[in-house]
1. Any idea what angle helix B:98-128 forms with the longest principal axis of chain B, computed on alpha-carbon atoms, 0 to 90 degrees, nearest 10?
2. Report, to the nearest whole %, how much of the accessible area of chain B belongs to carbon and sulfur atoms, 1.4 Å probe, protein only.
3. Can you list the lysines whose alpha carbon is less than 24 Å from that of A:Lys74, not counting same-chain residues fewer than 8 positions off?
4. Could you derive backbone 3J(HN,Hα) for region B:61-68 from the dihedral phi with the Karplus parameters 6.51, -1.76 and 1.60 (θ = phi - 60°), listing whole Hz in sequence and x where the residue is Gly or Pro?
5. Could you tell me which of rounded, prolate or oblate describes chain A, using a ≥ b ≥ c as the square roots of the eigenvalues of the alpha-carbon gyration tensor, with rounded for a/c under 1.5 and, failing that, prolate when a/b is larger than b/c and oblate otherwise?
6. Can you compute the modelled spin-label distance between B:Asp298 and B:Asp217, with each label point 7 Å from Cα toward Cβ, in nm?
7. Starting from the amide H of B:Asn206, placed 1.01 Å from N in the peptide plane, find each other amide H under 5 Å away whose residue is 5 or more places distant or on another chain.
8. Rounding to the nearest 10 and keeping the result within 0 to 90°, find how far the Cα-based axis of helix B:402-411 lies from the longest principal axis of chain B.
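The values are calculated or read from the model by the stated rules, or taken from the named source; none is laboratory data. Here the structure is a predicted model, which is why all the values come from computation and not from measurement. Please note: Cβ atoms are built from the backbone with ideal geometry, for glycine as well, and neighbour counts cover all protein chains shown. Remember, those area values only see protein heavy atoms, side chains included, never the ligands or the DNA or RNA. Shrake-Rupley method; radii C 1.70, N 1.55, O 1.52, S 1.80 Å.
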Amino acid sequence: MTYYTNPIHFFRSSEDHLIRIGKAEELKNQWKVSIILILVTVLIYGWMAYLGMGTNLISEQATTLSQEEYEASKFWFMLGRALFGFLFALLILFVPSLLFHLLTDIPFQKILIMQQVVLVALLTERMIWIPLALLTGLDWYVSPLSFGVIASYLTETLWIIAFFGSISLFQLWIIWFQATFLISLSDTKKYVVWINVILLQMVGWCFAALLAFADSYLISGWFN
Amino acid sequence: MKKRVILLGTLLFIGINLILVYIDEEGRIDRISYIKEWSVSYKEDVSETLYTTGVFASESEEQVYFDEKLGSFQEFLVQEGDIISSGDGLYTYRVHNYNEMENKLLSEIEKINQDILSIEMAITEMEMTDISSLSSNSNPLSNFNITEDEIEIEVELPESSNEAEMMKRQYLVEKEKELSQKYAELTYAETQLDELQTTGDTITVNSPYDGMVKTVDKSLEAPLITIVKTDLHVLGELTEDERKEVVEGLPVEVRLQGADAVIEGEVFNVGQSPESIEVNRESIYPFSVGLMEEEDVDGIIQGYHADLAITLEESLGATVLPESVVFTDSIWKMTEDGKLSNLLVDTGLKMDGVIEINSGVIPGDWAAKESIRQFRNDATFITPLKINQLTRDSVALDESNWRRYFVIGFISR
């Protein structure tokens, strides 16, 4: 049977979709959906940058710049962010798909569907960060949906807070989702799947923490 | 069942987090503040001005009399409405007794000459007094004496030689003024004497004032002539609240209604009591504005109305911020490390939507504008992109540090 990819519908009746994906021989809409998702990612990241989210580093210099210079800096920031969004989407869509494909024997295309759903979840998380930052003044790593708040109470070390801040309810759901998906579609041992899924996510968290911690050092190192 | 547990667990988790955020008073959780609008402080002259209206009036009226014992009235030399200067002839009369008048004038001239002499002597003596030599004596500055009119005047000297120098100068200026007055009197008396001697019986009486002849009494009743001085001043009224703010000496800008030119003046006198004192009536206090001497009042006569701007208080070169940025007595300053800081400031004058800040802010500081977003102390601030502030040039590749910001955008999480 043919399966028409649609990440949004997936959320409604996941079990049903899973079964259909397993049985499907042909997958349609893949490219279309992927491209749309990449575009949407770029737009969302661009919009977040437009609002100023993430410009914390620039704010440090804000008062030394003229008004035009300040705005110009935010403009370039936005472009950088858009590029990041683009690469981020590519990364999320294709890299884990490749890895899991090698791990299990599920066809690459099918895993791609999984990652598309993951990307949608991640984008939703980012959309939630917008009112969080603008209205309640909470940055991503201290979102109430993550462990960053608790971490802030227990320590002051930034990278620890950032690491735990990356572990959010969305992330946990993604782990569960990926594991369920892969297990239902392949014969690989359950615990193997779980370990790999969790490991991959943890790499993601470490990377996020690294970026959060090191960005100011990197910038000053590179440019000064 | 399992789903229920998960759902509850999730809600609990979020709930706990929210509570933790809410009760965070020590600022353990990093916060950011979203600022949409802000202003930069700058320097400006601010002043608090009271606007009111006034009317031009003559400073005073003078009367000129005729002593019938001196002679018999001959004729008026001026009419009502004439503009005259001091020295212009007002009227003439025939002396009753030539010799008596001649002697009188002669002795007056002599007296004036003597006065002139003594003033000149006093001036010379003062000029010769060397202040610096006085102070360099071992004994402290002692009071010394100047002889004037054969009366010894003890001049008390001040502590410092600078003050002494000033006092000396002031004294000299006063004396020079007196001297020129005496010379004018002398000329007048001499002219009268001259006229008397040539005509044989007529004396012309000159006006001692500049102004306009208001009334001329043809029936020779006293006063014979009233002259309204052309020196104008402006009269106005103040309400009770206004009265509390106005004191003598405040600078005033006077503009004739309908004209553009502004005349500088000063509040000369503020009424101590209102025109009528009644519980149910508003108290209105009169006040007057003296005009600066050099000012040109051509074409303005009594009765013309003017708009007045009284400068109540002035602060030149004050650091100011727009009103929208100042909240009672604190501002949210955007600091150099990218954070928002709630600063208590001392405010001063307000003018045109701008408030003077007396402390805590230097020109060039940024302060955040009022908004519904919550400002938090010590939170890093972020601002949205303002497209209308972008110019072609600022975004140019070689101009801005574009690489840096691009990379920041790229590697921020």
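1. Roughly 40 degrees between the two axes.
2. Details: 12080 of 24850 Å².
Looking at chain B in its full context, I get 49 percent from C and S.
3. Cα-Cα hits under 24 Å: B:Lys36, B:Lys333, B:Lys339, B:Lys369, B:Lys386.
4. 10, 10, 10, 10, 10, 10, 8, 5
5. Numbers: a/c = 2.31, a/b = 1.72, b/c = 1.34.
Prolate shape, in that a/c is at least 1.5 and a/b is the bigger ratio.
6. 3.6
7. B:Leu90
8. Tilt of helix B:402-411: around 40 degrees.
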